[in-house]
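Comments concern the structure below.
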Amino acid sequence: MSNKTAGINRHRSFSLARVFAITTNTLTELTRLKVFYILLIFALLLIGSSVFMARLTFQQEFQILKDVSLGAMSIFTSLLAIIATARLIPQDIEDRTVYTILAKPVPRFEYIVGKLTGVLLLLSISMLVMSAMFLAVLYLREQTVLHETLRQMSAAPREQIDDALRAIRSSALNIDILPGIVIIYLKACLLAALTLFVSTFATTNIFTIVVMVVIYFIGHLQATAREYWLQEHSTGWMTRAFLALVALIFPDLQTFNLVDDIVVGAAIPLGLVAKTVVLGVFYTTIYTFLAAFVFYGKEL
Amino acid sequence: MSDAAVTVSGLTKVFPVPFHREPVIAVRNLDLRIEPGEVYGLLGPNGSGKSTTLKIILGLVSPTRGRTEIFGRDSSLVESREAVGFLPENPYFYKYLTGEETLRFFGKLCGLSGSRLRERADQLLELVGLTNVRSRRLSTYSKGMLQRIGLAQALIHEPKLVVLDEPTAGVDPAGSCDIRNLIVDLKRRGITVLLSSHLLAQAQEICDHVGILANGVLVREGRLEELIAIENRTELVLENASDALVDRINALATSSNAKLIARRRSTTTLERLFLDATNNPKEKS
Ligand SMILES: Nc1ncnc2c1ncn2[C@@H]1O[C@H](COP(=O)(O)OP(=O)(O)OP(=O)(O)O)[C@@H](O)[C@H]1O
Ligand SMILES: [Mg+2]
């Protein structure tokens, strides 16, 4: 290969520029999906409407607001992760656009990674939009409650007012919301990667979505089932291997459900957050590799 | 290691058909060798295995038996695709991208970037005659326009080998004439072209070498001139020849043991007629 072709450097087995080209293209494709906007608007309406829910005390109000909003964010991103990812690769194969891409010096692994990061980018955009809405609503309600309290307590002594305001602040906006949001995002990433994996061997998009819905529910019940199983059976290596396999196919999604703690305003230990983050990243990576593995052997 | 542009040796591809006992044998024990710089035409009826062979050469489909190489690099290696540009049959691209964005996307996949990429995209849009629709989405392109953008993306990284699966399918006569000229130009620049077609008249005009596939078997192979030459015949085409002159030539031929077999008025081709008639000023602007 003596003569240089268009100044192209030696082929690299992994190139961020190529992955990035596929990522941005996938993001463009996904932002043209109507279902994305419908789901997003629906989630935003839900978050916004939690302002009008019945309230007795401000603690309850903030609890409901967080419960509804974080719940909406969790469901919306999970759904979006599954729906957006399921048709990504089958569509490319059906339209044969994948031929033109893979006929370029693009390793199949890069194609898979590029597609997935496109989805992850879409998920983070929607997560940012929803978090902004959620925090804005929470902030506005907090300000309103603070003003009302100040007005009602105008005659009370200084320390009493300060105590009341501090109580309001701590039950509204606090730093524990942040890990909650991150973990919801990671759960969506995990689901997207798993959906991508399933879609590499599924024959139809419906199959992928049905399988993912089943995995979603089983994943939430998995922890309970495992405890029950461990009570019944011995903890030999066979049982452990079996449980590990189950945990691979049905990730323990309950682990990613820290919303309940956040809602009651309980502080989430940093160790638990770190552990969950690592678990989320681990699952996402494993599923990406599995998807790439199946895709390598796939007849296009 | 060989210095051929493409080598195919002992290639067999069997497609298992679900719920059927009999699998489809798309290609049977195929051997090909395409030298650098030539235009090779893979001909054959529908379903004879042309596209399957090309896809295997591009590493998109894995062979059941045998191997294929591009400039000595096995098709299963991603690197082998650096030196080749591919136009699939009935190409279909992301319809939400414009023509220009499409070329930029594929250029990036080939490692191009910055001003180099912009230049190449401009050049190729010009080359395939899509400059005036460069910022329109592909969803508004006609079939022939898609074929042209497909050709442009195949050439974006200046490959040494271009593989075209039915390059003129769905393109109008002027367009297919353009594509033909383009292929001739590629050949002039030393680029190897491998194309499949069942339009024989077109293949005859541009191919140096042809292989004819039938049911996945290579039934004829060789240099086009040699394949279609009739050994003992020669053609003369005369302009402004009087009847007397033709008679004299005839007599001369008879006297040296040759025979004039046919004598007819030259005609233009329907294609020439079509091109002259439709080549109005609107096109040229
Ligand atoms: N993915 C596939 N699964 C099963 N059979 C296939 C597949 N792809 C091709 N075939 C079969 O292989 C044979 C060759 O197909 P191929 O597309 O290579 O033909 P072709 O020469 O390109 O025909 P055409 O001129 O119609 O494009 C056909 O019998 C076809 O049915
Ligand atoms: Mg074909």
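The values are calculated or read from the model by the stated rules, or taken from the named source; none is laboratory data. The structure displayed is predicted, hence computed values, not measured ones. Cβ atoms come from the backbone with ideal geometry, glycine included; neighbour counts cover every protein chain shown. The area values use the complete protein model at the heavy-atom level, side chains included, leaving out ligands, DNA and RNA. Shrake-Rupley method; radii C 1.70, N 1.55, O 1.52, S 1.80 Å.
Give the residues of the range B:170-195 that are within 14 Å of chain A (Cβ to nearest Cβ) and either on the phi > 0 side of the Ramachandran plot or within 14 Å of ligand 1 (Cβ to nearest atom) (or both), sorted by residue number.
Of everything in the range B:170-195, those that are within 14 Å of chain A (Cβ to nearest Cβ) and either on the phi > 0 side of the Ramachandran plot or within 14 Å of ligand 1 (Cβ to nearest atom) (or both) turn out to be B:Gly190, B:Leu194.
Condition test on B:Leu200, is it within 16 Å of ligand 2 (Cβ to nearest atom), at pLDDT below 90 and not acidic (Asp, Glu)?
yes
With the checklist (1) under 18 Å from A:Ala223 (Cβ atoms); (2) open to solvent by 20 Å² or more (accessible area, probe 1.4 Å); (3) touching a residue at least 40 places away in the same chain (Cβ under 8 Å) in hand, flag the one item A:Asp260 doesn't pass.
(3)
Look at the range B:26-50 and say how many of its residues are surrounded by 20 or more Cβ atoms within 10 Å (Cβ to Cβ) and within 16 Å of ligand 1 (Cβ to nearest atom).
Matching residues across the range B:26-50 total 12.
Of everything in the range B:123-160, what is among the basic types (Lys, Arg) and without any contact (Cβ under 8 Å) to a residue 60 or more places away in the chain? Give them in sequence order. Quick ask: steps written out before the conclusion?
Step one: of the range B:123-160, the residues among the basic types (Lys, Arg) are B:134, B:136-137, B:143, B:148, B:160.
B:Arg134, B:Arg136, B:Arg137, B:Lys143, B:Arg148, listed by residue number.
If you go through the range B:16-56 one residue at a time, how many are among the aliphatic types (A, V, I, L, M) and part of a loop (DSSP other than H, G, I, E, B)? Break it down into steps so the answer makes sense when it comes.
First pass over the range B:16-56, keeping only residues among the aliphatic types (A, V, I, L, M): B:17, B:24-27, B:30, B:32, B:34, B:39, B:42-43, B:54, B:56.
Subsequent filtering for residues that are part of a loop (DSSP other than H, G, I, E, B) retains B:17.
Of the residues in the range B:16-56, 1 are among the aliphatic types (A, V, I, L, M) and part of a loop (DSSP other than H, G, I, E, B).
Could you please let me know if B:Lys13 is part of a strand (DSSP E or B), within 23 Å of B:Thr192 (Cβ to Cβ), within 14 Å of chain A (Cβ to nearest Cβ) and near ligand 1 (Cβ under 8 Å from one of its atoms)?
On the way: part of a strand (DSSP E or B): yes; within 23 Å of B:Thr192 (Cβ to Cβ): yes; within 14 Å of chain A (Cβ to nearest Cβ): yes; near ligand 1 (Cβ under 8 Å from one of its atoms): yes.
It is true that B:Lys13 is part of a strand (DSSP E or B), within 23 Å of B:Thr192 (Cβ to Cβ), within 14 Å of chain A (Cβ to nearest Cβ) and near ligand 1 (Cβ under 8 Å from one of its atoms).
Evaluate the following for B:Ser176: is it assigned to a helix (DSSP H, G or I), more than 16 Å from ligand 2 (Cβ to nearest atom) and surrounded by 16 or more Cβ atoms within 10 Å (Cβ to Cβ)?
For B:Ser176, the condition - assigned to a helix (DSSP H, G or I), more than 16 Å from ligand 2 (Cβ to nearest atom) and surrounded by 16 or more Cβ atoms within 10 Å (Cβ to Cβ) - is met.
Could you check, for the range B:45-58, whether at least one of its residues is more than 16 Å from ligand 2 (Cβ to nearest atom) and either within 15 Å of the chain's Cα centre (by Cα) or over 15 Å from B:Gly150 (Cα atoms) (or both)? Even if it seems obvious, please write down each step before you answer.
Restricting attention to the range B:45-58, the residues satisfying the condition of being more than 16 Å from ligand 2 (Cβ to nearest atom) are none.
The answer is no, given that none of the residues of the range B:45-58 is more than 16 Å from ligand 2 (Cβ to nearest atom) and either within 15 Å of the chain's Cα centre (by Cα) or over 15 Å from B:Gly150 (Cα atoms) (or both).
Is there a residue in the range B:199-212 that is small (Gly, Ala, Ser) and more than 16 Å from the chain's Cα centre (by Cα)?
So far as the range B:199-212 goes, no, none of its residues is small (Gly, Ala, Ser) and more than 16 Å from the chain's Cα centre (by Cα).
Quick one: would you say B:Lys187 is assigned by TED's automatic domain parsing to the domain that holds B:Thr68, among the charged types (D, E, K, R) and touching a residue at least 60 places away in the same chain (Cβ under 8 Å)?
yes
Within 11 Å of another protein chain (Cβ to nearest Cβ) and modelled with pLDDT under 90: which single residue out of A:Phe14, A:Phe52, A:Phe58 fits that description?
Details: A:Phe52 fails: within 11 Å of another protein chain (Cβ to nearest Cβ); A:Phe58 fails: within 11 Å of another protein chain (Cβ to nearest Cβ).
Just a single option satisfies the conditions, and that option is A:Phe14.
Pick out the one residue from B:Val193, B:Val210, B:Val237, B:Val171 that is in a loop (DSSP other than H, G, I, E, B), in the same structural domain as B:Ile70 (by TED's automatic domain parsing) and either without any contact (Cβ under 8 Å) to a residue 12 or more places away in the chain or of a type in the set (A, V, I, L, M) (or both).
Answer to the check: B:Val171.
Filter the range A:152-164 down to the residues that are out of contact with any helix residue (DSSP H, G or I) (no Cβ under 6 Å at 6 or more places or on another chain) and not charged (D, E, K, R) and list them by number.
A:Gln152, A:Ser154, A:Ala155, A:Ala156, A:Pro157, A:Gln160, A:Ile161 - these are the residues of the range A:152-164 that are out of contact with any helix residue (DSSP H, G or I) (no Cβ under 6 Å at 6 or more places or on another chain) and not charged (D, E, K, R).
For the range B:13-21, state whether one or more residues are surrounded by 15 or more Cβ atoms within 10 Å (Cβ to Cβ) and touching a Gly at 6+ places or on another chain (Cβ under 9 Å).
From the range B:13-21, those surrounded by 15 or more Cβ atoms within 10 Å (Cβ to Cβ) are B:13-14; that's our starting set.
Narrowing the set further to residues that are touching a Gly at 6+ places or on another chain (Cβ under 9 Å) leaves B:13.
Yes: the range B:13-21 contains one or more residues that are surrounded by 15 or more Cβ atoms within 10 Å (Cβ to Cβ) and touching a Gly at 6+ places or on another chain (Cβ under 9 Å).
May I ask you to verify whether A:Leu88 is closer than 28 Å to A:Glu299 by Cα, away from chain B (no Cβ under 11 Å), at pLDDT 95 or above and crowded, with 20+ Cβ neighbours inside 10 Å?
Criteria not met by A:Leu88.
For residues that are within 8 Å of chain B (Cβ to nearest Cβ), more than 17 Å from B:Leu117 (Cβ to Cβ) and of a type outside the set (Asp, Glu), tally how many sit in the range A:17-29.
Looking only at that region, the number is 1.
So if I check each of A:Leu194, A:Leu190, which one is in contact with a Ser or Thr (Cβ under 6 Å, 6 or more places away or on another chain) and under 30 Å from A:Leu123 (Cα atoms)?
On the way: A:Leu194 fails: in contact with a Ser or Thr (Cβ under 6 Å, 6 or more places away or on another chain).
The unique qualifying residue is A:Leu190.
Assess whether B:Thr102 counts as being under 30 Å from A:Leu33 (Cβ atoms) and either within 12 Å of chain A (Cβ to nearest Cβ) or open to solvent by less than 10 Å² (accessible area, probe 1.4 Å) (or both).
So B:Thr102 passes the test.
Please find, within the range B:118-145, the residue that is nearest to the chain's Cα centre (by Cα) out of those that are within 19 Å of B:Tyr94 (Cα to Cα) and within 11 Å of another protein chain (Cβ to nearest Cβ). Before the answer, list the steps.
Initially, the range B:118-145 is screened for residues within 19 Å of B:Tyr94 (Cα to Cα), giving B:121, B:124-125, B:128, B:130-131, B:133-145.
Subset that is within 11 Å of another protein chain (Cβ to nearest Cβ): B:137-139.
Working: B:Arg137: 26, B:Leu138: 23, B:Ser139: 25 Å.
The residue in question is B:Leu138.
Considering (1) more than 14 Å from every other protein chain (Cβ to nearest Cβ); (2) away from ligand 1 (no atom under 16 Å from the Cβ); (3) farther than 19 Å from B:Pro91 by Cβ; (4) open to solvent by less than 20 Å² (accessible area, probe 1.4 Å), say which one B:Leu213 fails and leave the rest.
(2)
For the range B:148-164, does any single residue satisfy the condition of being within 16 Å of ligand 2 (Cβ to nearest atom), more than 13 Å from chain A (Cβ to nearest Cβ), closer than 25 Å to B:Arg223 by Cβ and touching a Leu at 6+ places or on another chain (Cβ under 9 Å)?
The answer is no, given that none of the residues of the range B:148-164 is within 16 Å of ligand 2 (Cβ to nearest atom), more than 13 Å from chain A (Cβ to nearest Cβ), closer than 25 Å to B:Arg223 by Cβ and touching a Leu at 6+ places or on another chain (Cβ under 9 Å).
Could you please tell me which pairs satisfy a Cβ distance under 7 Å, a separation of 6+ or placement on different chains, a first residue in the range A:234-248 that is open to solvent by less than 40 Å² (accessible area, probe 1.4 Å), and a second residue that is modelled with pLDDT under 75 and among the basic types (Lys, Arg)?
From residues that are open to solvent by less than 40 Å² (accessible area, probe 1.4 Å), the pairs are A:Leu243/A:Arg226.
Would you mind stating whether A:Phe201 is at pLDDT 80 or above, of a type in the set (Phe, Trp, Tyr) and surrounded by fewer than 20 Cβ atoms within 10 Å (Cβ to Cβ)? Give the derivation first.
Details: at pLDDT 80 or above: yes; of a type in the set (Phe, Trp, Tyr): yes; surrounded by fewer than 20 Cβ atoms within 10 Å (Cβ to Cβ): yes.
Answer is yes for this residue.
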